[in-house]
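Asker: The structure's right below; bear with me while I get my questions together.
The values are calculated or read from the model by the stated rules, or taken from the named source; none is laboratory data. Remember, it's a predicted structure, so these values are computed and weren't measured experimentally. Heads up, the Cβs are rebuilt from the backbone with ideal geometry, glycines too, and the neighbour counts pull from every protein chain shown.
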Amino acid sequence: MDMLLIAVIALCVLALIFDFTNGFHDAANSVATVVATRALPVKWAPPFSALFNFLAYFVVGTAVANTIAKTVKTDADGVAVTFAALFSAIAWNFLTWRFGMPSSSSHAIIGGLVGAGLAAGGLDAIDWSSVQKAGLGIFLSPAVAFAIAFAAMYLVFGLQRMFKMHDNHPVFKGLQLVSAAGVSFGHGANDAQKTMGVIAALLLGAGYTSFDAEGNTILVPEWVALSAYSAIALGTLWGGWKIIETMGLKITTLHATSGTAANIGATTAMFGATAIGMPISTTHAAASSIVGAGVGSGKGVNWHVVGRMLLTWLITIPAACLIGFSMFHLTQLPVALSWIVVGSILIGFGSWAIWAMLHTIHAEDIEAELPPESELAEPLPMTPHLVATDESPNKEDHPTVTR
């Protein structure tokens, strides 16, 4: 077995670790709403989401994977570039998860690829059309998701008035489960392909795959697709409860009505982007939908948390780019020194990541934070709550609205 093949295998494993972090980092996209409204028991929500993440494997193609694979041109791609990009994305996912910030795994991997590509070959090494498509998604997906969730909230209010149902009526909880399944499916369809794209670019550079007959589409082996969908489903199954806590309990007060509207907004943005091959941030879409539903419902939005979230979104690509750029240069040190420095970083970061996963909140902690079922079941007004009272003991952790 030659060294190139060993390196390719190792990087494929690293890519699947990134995919796992993507799963638990983004589990909140669909899990947060059904957990906050008790539409599903807390412990059942991650398996529910993981199942629909994986089912996307049987339906969608590879358009998003090809967009990611072409971010760094083939002649500048290689083992060091892929390693630096993957480490950058994994590091950013762990850091933002630890602080409970729902940032974009998509932008983390794109930023890592751009930074490592720039370090390897300068500006000419980057396919800027692919980066531009991803950059457009930064602004487009949150705006579309927010607007649709806001509009959907008023459609839900119309159903409430027509059938005289309270905010947590079983019908809305059923609709919430259906829409949450759609969010999970959309997440798997879009985000698993990002790992597929990274692996495909690596295999193409090493000569283990090729373009199709037209020369436009990279051929993604079936084992790559199956592995990517499995890894993201396993990550979703683990949960990533810190971000679920933020999205489900700290942005706004969710009920089955607003949870349904939020999921409709997120699903529409995800499916639309996947259809045109745009690697959007599913986290941006899901979080923006929750904000849109919170504003539309009149329940109030915790703008302090939203502000921190937006700041995280803005710095994700530059931060990941810097990490990828720096890590690539560390791999170019003299061989012995490079092994020592990079090895020390990997051991140190890996040890911290394992410690963080062992010392985080879990399903039972979220369960303890939820309001009693009897409180959620109380009938609520059938029209938008244009004025909300501020009864929160801690404004940082609970949504409020300015009167």
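Asker: Return the only residue of E214, E245 being modelled with pLDDT under 90, of a type in the set (D, E) and either out of contact with any His (no Cβ under 6 Å at 6 or more places or on another chain) or within 20 Å of F48 (Cα to Cα) (or both).
Answerer: E214
Asker: If you don't mind, there's one more thing I want to ask. Out of A152, A180, A192, A145, I need the residue that is touching a His at 6+ places or on another chain (Cβ under 9 Å), within 30 Å of P41 (Cα to Cα) and at pLDDT 85 or above. Which one?
Answerer: Answer to the selection: A145.
Asker: Just to be sure I understand, how many residues within region 111-126 are farther than 13 Å from V81 by Cβ and outside any helix (DSSP H, G or I)?
Answerer: Result for region 111-126: 0.
Asker: So which of A293, A225, A269 is of a type in the set (A, V, I, L, M, F, W, C), in contact with a Leu (Cβ under 9 Å, 6 or more places away or on another chain) and under 20 Å from A50 (Cα atoms)?
Answerer: None of the other options fit; the residue is A269.
Asker: Do any residues in region 202-216 that are in contact (Cβ under 8 Å) with a residue 24 or more places away in the chain have Cβ atoms under 8 Å from those of residues that are assigned to a strand (DSSP E or B) and surrounded by 10 or more Cβ atoms within 10 Å (Cβ to Cβ), where the two are at least six apart or on different chains, and which pairs are they?
Answerer: That search, which allows pairs on different chains as well, returns L204/F211; L204/I218.
Asker: So which residues in region 61-77 are at pLDDT 70 or above, crowded, with 22+ Cβ neighbours inside 10 Å and not in a helix (DSSP H, G or I), if there are any at all? Step through it out loud before you land on a result.
Answerer: Residues of region 61-77 that are at pLDDT 70 or above, as a first pass: 61-70.
From what's left, crowded, with 22+ Cβ neighbours inside 10 Å: 64-70.
Answer for region 61-77, where residues must be at pLDDT 70 or above, crowded, with 22+ Cβ neighbours inside 10 Å and not in a helix (DSSP H, G or I): just K70.
Asker: List, please: which pairs have Cβ atoms under 6 Å, are six or more places apart or on different chains, and start with a residue in region 300-322 that is under 17 Å from G117 (Cα atoms) and end with one that is among the β-branched types (V, I, T) and part of a helix (DSSP H, G or I)?
Answerer: These pairs meet every condition: C321/V114.
Asker: Please give the number of the condition A319 fails out of (1) closer than 27 Å to K250 by Cβ; (2) at pLDDT below 95.
Answerer: Status for A319: all satisfied but (2).
Asker: If I110 passes every condition in (1) surrounded by fewer than 24 Cβ atoms within 10 Å (Cβ to Cβ); (2) closer than 30 Å to W352 by Cβ but one, which one does it miss?
Answerer: Exception for I110: condition (1).
Asker: Looking at (1) within 30 Å of V35 (Cβ to Cβ); (2) out of contact with any helix residue (DSSP H, G or I) (no Cβ under 7 Å at 6 or more places or on another chain), find the lone condition where N216 falls short.
Answerer: It is condition (1) that N216 fails.
Asker: Considering only region 6-44, how many residues are in a helix (DSSP H, G or I) and free of Cβ contacts under 8 Å to residues at least 40 places away in the same chain?
Answerer: 5
Asker: Which of the residues that make up region 333-365 are among the aliphatic types (A, V, I, L, M) and either under 25 Å from L249 (Cβ atoms) or not in a helix (DSSP H, G or I) (or both)?
Answerer: Filtering region 333-365 for residues among the aliphatic types (A, V, I, L, M) gives 333, 335-337, 340-342, 345-347, 353-354, 356-358, 361, 363.
Within region 333-365, L333, A353, A356, M357, L358, I361, A363 meet the criteria.
Asker: Failed condition for I276, given (1) surrounded by fewer than 24 Cβ atoms within 10 Å (Cβ to Cβ); (2) within 15 Å of the chain's Cα centre (by Cα), with all others met?
Answerer: Against the list (1) surrounded by fewer than 24 Cβ atoms within 10 Å (Cβ to Cβ); (2) within 15 Å of the chain's Cα centre (by Cα), I276 comes up short only on (2).
Asker: Going through region 312-343 one residue at a time, which ones are among the small types (G, A, S) and closer than 15 Å to F83 by Cα?
Answerer: Once the filter is applied, which keeps residues that are among the small types (G, A, S) and closer than 15 Å to F83 by Cα, region 312-343 yields A320, G324, S326, S338, G343.
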